Amino acid sequence: MNKITKELRVYGIVQGVGFRPTVDRHAHTAGITGTVCNKGPYVEVMVQGTEEGVTKFVDLLNHEPPRRAAILKIDEKDVEDAPEYDAFTIIESKRISGEIFISPDIAICEDCQRELYDPKDRRYLHPFINCTSCGPRLTILDELPYDRERTSMKRFPMCPTCAHEYHDPASRRYDAQPVCCNECGPEVFILDTDMKGREAITYARKMLIEGKIVAIKGIGGFHLACDATNNEAVQLLRRRKHRPVKPFALMMRNQARLEKECMVTDEWDVILGHQKPIVLLPKKEGSSVAEAVAPGNPKIGVMLPYAPLQCLLFDYDDGLKTPEILVMTSANISGAPIVHNDEEARSQILNLTDCIMTHNRDIRIRCDDTVMDFYHHEPYMIRRSRGYAPLPYILTGDYQGRVLAVGGELKNTFCLGINNLMYPSSYIGDLSDLRTVDALKETISRFEELLEMTPDIIACDAHPNYQSNRVAHEYGLPVVEIQHHYAHIVSCMAENDCHDQVIGVSFDGTGYGLDETIWGGEFLICDEEDFTRAGHISRFLQIGGDCASKEGWRIAVSMIYGLYRDEEKTLEIVNRLQLCEEKAAKVIMKQYERKINSVTSTSAGRLFDAVSAILRIRKASTYESEASTMLQFEAQKYHEDLEYKESLVKDHVLRTDKIFKQLLTLKLQEGDSSKLAYLFHKMLAEGIVEMCHILREDTSLNTVALSGGVFQNTLLLELCETKLKEDKFDVLIHHLVPPNDGGIALGQAVVAMNRYMKGEY
Ligand code: ZN
Ligand code: ZN
Ligand code: FE
């Protein structure tokens with residue numbers, strides 16, 4: 001029979017996940033011969049056999065990859081004049097340079113979890129148990145290739161037994177870089193005390209039982225934990241953190257507990273999977289989660305333990321019974337990056353906590369928990385970080401160049417682009433705090449080292465006062481400034497591997513517009529190189545500078561005055577809706593007339609805040625998007641559908657002033673807030689779709705991309721997407737890249753890459 005030979009290059013997370021043994025197994029099943037070799041950037045497999053055998057092997061590889069591997073692509077090439085292979089063999093690594101994939105951190109696997117609680121196992125209750133399929137990766141890495149010498153496990157030499165497992169291809173720990181045991185692994189201790197090991201763990205557990213606040217070092221940083229069923233403990237944490245109502249994330253003991261507390265439908269795969277993000281789930285009636293965890297919020301953010309030390313908080317052999325639900329919120333001072341070493345813990349969170357449980361395995365790169373919502377049974381990312389970063393996106397097409405995109409100002413992430421591979425970073429945070437700016441610079445240089453790249457060009461937001469813009473200019477390299485809402489749309493295109501021109505609907509908070517007004521409710525005709533602004537929502541005057549984004553009532557008063565331009569009428573409405581004191585309203589009207597402390601705006605986010613205020617849902621926000629989120633929840637309480645047929649677009653302006661006026665009138669007639677909140681979503685969606693029709697007429701484009709922070713609102717998303725599809729549009733939405741500012745770096749990187757290839761810089 002005729003034999004054929006193929007060379008396969010397998011790209012993706014193929015290092016340190018038991019890849020080569022799996023390939024070996026599949027080769028035997030398929031009855032083929034050849035070799036497998038880890039080249040660093042990819043795994044090279046030479047396969048020789050009958051055409052049938054080779055096809056079977058490729059199928060097996062595609063459909064039954066090693067459990068923790070993420071295969072991004074397989075390149076196949078026929079090989080002529082290949083030598084004859086007698087068997088299938090693993091060849092030792094010869095590293096070459098090229099595309100690089102770094103594994104994200106992997107949550108503890110079922111096998112390790114079983115061993116952790118097996119009294120006969122040598123890793124019984126070992127807080128750092130891991131194996132080839134699980135454990136920290138990105139967060140302990142110094143440089144590539146990924147082996148122990150280049151991780152923060154370097155200082156823990158393996159004991160002979162661990163070393164044996166590490167070198168034995170038949171072991172579950174073959175080639176597992178962080179492998180260790182109770183003999184040779186890192187150690188847990190209570191910071192600045194003599195308590196360590198068992199004593200430390202029991203002490204922390206006791207504190208949790210007593211309703212105290214405990215800081216715990218995890219995989220990508222510290223958490224602050226307390227008993228989430230104890231309202232007083234949660235309130236104590238709120239007072240200390242100066243965080244009045246913003247929801248806290250929870251960690252639950254196990255699947256059974258989670259099922260008791262939350263409604264789970266399609267989310268199990270993700271909840272139980274190896275990334276273990278925080279998943280937003282509806283709280284069940286009668287849940288024992290304290291009201292203070294997420295006041296007024298029908299959903300709670302929940303995850304299962306993903307580090308062995310976290311498992312030990314819930315189950316240990318000290319006879320104590322700890323709470324089954326813990327608050328697990330990132331340990332930081334509001335605005336600052338997540339605390340990731342003892343020194344930061346001492347200087348920043350000591351006074352927030354009753355004890356700090358830490359350990360001596362260093363965290364090299366901070367990595368916050370990922371936060372995920374669900375939309376139409378699919379993940380819909382809110383914050384892409386641990387477990388996902390830094391997996392790249394592969395763009396189809398010929399991209400050449402090296403780009404650093406520094407991202408936006410809030411929820412900052414950055415993105416490195418190397419040819420057609422785009423690597424979004426882990427979550428950095430809000431750059432209003434200078435410590436976060438430092439964290440951004442530090443993480444950029446770590447990623448540049450890991451990916452062995454120096455950029456040709458830097459991309460940043462066009463806002464001249466953004467810290468990220470300043471950071472971009474510090475490199476002394478060419479800088480491309482990219483309009484904020486355009487970057488949102490390109491990030492949505494890139495995630496969907498779309499390279500054609502689209503109608504972009506960018507509904508967002510605020511971003512710097514090219515005409516120096518504030519943009520945020522935008523219709524853009526975009527491709528990867530450039531865009532034009534084809535429409536927007538009604539302009540209004542945003543008064544009050546920085547306060548405007550926190551205090552929706554200010555926008556509401558300005559909008560009401562803008563509608564009537566009548567002081568008396570405005571005051572009457574303000575009083576009836578109890579928006580603010582008369583004095584405050586008068587100040588706003590004066591500023592309106594004199595254009596003081598005010599800026600023209602088309603921000604959709606601020607429109608939501610204003611509507612939330614006039615419907616008496618939230619007058620102001622204590623955290624970003626509080627008012628608009630509560631408006632969405634109120635709308636979701638209304639379960640009937642409303643017809644809305646009036647035209648809302650004139651001269652490429654979506655007349656949100658008309659929408660606002662109608663809602664105002666109905667509210668003043670004692671309209672029901674839930675119904676009006678729903679009506680607002682409905683009208684806005686109808687207006688968006690109407691505008692898309694007009695733009696389709698204008699341009700004959702048929703694809704619409706929906707992005708921007710406002711599209712975190714899944715009600716608005718659903719109303720828009722459903723109607724657009726009914727009307728035969730192709731609709732692009734986000735999945736694993738956040739629609740909010742955490743996603744824009746990807747869009748920036750793609751645009752900069754295109755400009756660079758055109759030779760503009
Ligand atoms: Zn494991
Ligand atoms: Zn050991
Ligand atoms: Fe934005």
Review point. Once the dipole of the chain is set up with Lys and Arg at +1 and Asp and Glu at -1 on Cβ about the Cα centre, which of Tyr85, Ala389, Ile428 lies farthest towards its positive end?
Key: Ile428
Review point. To the nearest 500 deg cm²/dmol, what mean residue ellipticity at 222 nm is calculated for the chain from DSSP H runs of n ≥ 4 alone, each contributing -39,500 (n - 2.57), summed and divided by the residues?
Key: -10000 deg cm²/dmol
Check your understanding: Roughly how many debye, to the nearest 20, is the charge dipole of the chain about its Cα centre, given +1 on each Lys and Arg Cβ, -1 on each Asp and Glu Cβ, and no other charges?
Key -> 2240
Revision key, fill the gap. Note, segment 151-167: 3J(HN,Hα) by Karplus (6.51, -1.76, 1.60, θ = phi - 60°), whole Hz, Gly/Pro = x, goes 10, 6, 7, 3, 7, 10, x, 5, 6, x, 5, 4, 4, 4, 4, 4, 9
Check your understanding: Among Tyr380, Val47, Val490, whose Cα lies farthest out toward the positive end of the dipole of the chain, if unit charges sit on the beta carbon of Lys, Arg (+1) and Asp, Glu (-1)?
Key -> Tyr380
Check your understanding: Among the DSSP beta bridges whose two residues both lie in the chain, what percent are antiparallel, rounded to the nearest 5?
Key -> 75
Point to revise | Angle in degrees between helix 744-757 and the longest Cα principal axis of the chain, rounded to the nearest 10 | key: 80
Check your understanding: Is there a pair in Lys550/Lys723; Lys299/Lys321; Lys583/Lys667; Lys284/Lys645; Lys299/Lys723; Lys73/Lys246 whose C-alpha atoms are over 29 Å apart, and which pairs would that be?
Key -> Lys550/Lys723; Lys284/Lys645; Lys73/Lys246
**Study point:** In segment 242-313, the GluC sites (Glu not before Pro) that fall in loop regions by DSSP, at most 15 other Cβ within 10 Å
**Key:** Glu285
Point to revise | Sites matching GluC sites (Glu not before Pro) across segment 397-471 that sit in DSSP coil, with at most 15 neighbouring C-beta atoms within 10 Å | key: Glu452
Exercise for review: Quote the charge dipole size of segment 487-612 about the Cα centre in Debye, to the nearest 20; the model charges only the Cβ of Lys and Arg (+1) and of Asp and Glu (-1).
Suggested key: 940
Check your understanding: Among the GluC sites (Glu not before Pro) within segment 494-577, which fall in a DSSP loop and have no more than 10 other Cβ atoms within 10 Å of their own Cβ?
Key -> Glu516
Check your understanding: What translational diffusion coefficient, in µm²/s and rounded to a whole number, does the Stokes-Einstein relation yield for the chain at 25 °C and a viscosity of 0.890 mPa s, taking the hydrodynamic radius as the Kirkwood radius over Cα pairs?
Key -> 89
Practice item. Would you be so kind as to identify which of Leu60, Leu141, Leu125 lies farthest towards the positive end of the dipole of segment 55-155, taking Lys and Arg as +1 and Asp and Glu as -1 on Cβ and the Cα centre as origin? Key: Leu125
Review point. Roughly what angle does helix 197-209 make with the longest principal axis of the chain, taking Cα atoms, 0 to 90 degrees, to the nearest 10?
Key: 30
Check your understanding: Quick one: putting +1 on the C-beta of Lys and Arg, -1 on the C-beta of Asp and Glu, what dipole do you get for segment 215-309 around its Cα centre, in Debye to the nearest 20?
Key -> 500
Study note, to complete from the structure: A correct Karplus calculation of ³J(HN,Hα) over segment 358-372, with 6.51 cos²θ - 1.76 cosθ + 1.60, θ = phi - 60°, whole Hz and x for Gly and Pro, returns 10, 7, 9, 9, 5, 9, 7, 10, 5, 8, 6, 5, 7, 10, 10
Practice item. Give me Phe374, Phe414 ranked fewest to most by other Cβ atoms within 10 Å of their Cβ, as a rough exposure proxy. Key: Phe374, Phe414
Check your understanding: What's the center-to-center distance, using Cα atoms, between segment 226-278 and segment 697-743 in Å?
Key -> 30
Review point. Using the reciprocal of the averaged 1/r over all distinct C-alpha pairs, how large is the Kirkwood radius of segment 362-437 in Å?
Key: 13.8
**Study point:** Relative exposure of Tyr166, Tyr388, judged by other C-beta atoms within 10 Å (fewest first)
**Key:** Tyr166, Tyr388
Exercise for review: Give me Glu670, Glu199, Glu378 ranked fewest to most by other Cβ atoms within 10 Å of their Cβ, as a rough exposure proxy.
Suggested key: Glu670, Glu378, Glu199
Check your understanding: ³J(HN,Hα) across segment 436-444 via Karplus (A = 6.51, B = -1.76, C = 1.60, θ = phi - 60°), whole Hz, x for Gly/Pro?
Key -> 6, 4, 4, 4, 4, 4, 5, 5, 4
Practice item. Distance between Cα centroids, segment 191-210 to segment 380-446: provide it in whole Å. Key: 36
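A short reminder: the numbers here are calculations on the coordinates, not readings from a lab. Remember, it's a predicted structure, so these values are computed and weren't measured experimentally. Cβ atoms come from the backbone with ideal geometry, glycine included; neighbour counts cover every protein chain shown.
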